[in-house]
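Since the structure comes first, as structure tokens, the remarks are kept for the end.
Laboratory data are not the source of any read-out in this text; all were calculated from the coordinates shown. Keep in mind it's a predicted model, so treat the numbers as computed, not measured. No Cβ is skipped: glycine too gets one built from the backbone with ideal geometry, and neighbour counts run over all protein chains shown.
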Amino acid sequence: MAASPANAAVFAALGDETRLRLVSRMCDTGPASIVGLTEGTGITRQAVSKHLRILEGAGLVQPNRVGRETRWQLLPGGLNEVRARLDEISAQWDDAIGRLKAFVED
């Protein structure tokens, strides 16, 4: 699997601590409103909204209108894709370490 611009966008989006916490929170709670995601964080709703738009641009979340409220839902596809990429990189490192070990032992 080759690196793709979509993978880079996901890694960039998750590289921010606030966005990573928002994704983690949605993993724990499921879909949530901006009010729910803001509660107890000390971050303004405006800031959370900005971070959610970045996550949406990376294909990690989507807004769903429920009555007058918008609830943000995690899309696992983007996370699964980068997890597969990280697994591939991990396997490459394991292979490289194995070759290094064999070289050193010879």
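A few comments on the model shown:
- Distance in nm between pseudo-label sites at residue 11 and residue 75 (7 Å out along the Cβ direction from Cα): 2.0 nm
- Length-normalised contact order for the chain - Cα pairs under 8 Å, 6+ apart - percent: 29 percent
- Of the trypsin sites (Lys or Arg not before Pro) found in the range 34-73, the ones in coil according to DSSP and having at most 11 other Cβ atoms within 10 Å of their Cβ are 68.
- Sites matching chymotrypsin sites (Phe, Trp or Tyr not before Pro) across the range 63-106 that sit in DSSP coil, with at most 16 neighbouring C-beta atoms within 10 Å: none
- Across the range 6-12, coupling constants 3J(HN,Hα) worked out from phi with the 6.51/-1.76/1.60 Karplus curve, θ = phi - 60°, read 5, 4, 4, 5, 5, 4, 5 Hz, and Gly and Pro carry x.
- Taking θ as phi - 60° and the Karplus parameters 6.51, -1.76 and 1.60, the scalar couplings of the range 42-47 work out to x, 10, 6, 4, 4, 5 Hz in sequence order, x denoting glycine and proline.
- Low-density loop positions, GluC sites (Glu not before Pro), the range 3-76 - DSSP coil, at most 16 other Cβ in 10 Å: 39
- Top of 38, 18, 29 by mean-square fluctuation, Gaussian network on the chain, Cα under 10 Å: 29
- Taking the longest Cα principal axis of the chain as reference, the axis of helix 76-105 is set at about 20 degrees.
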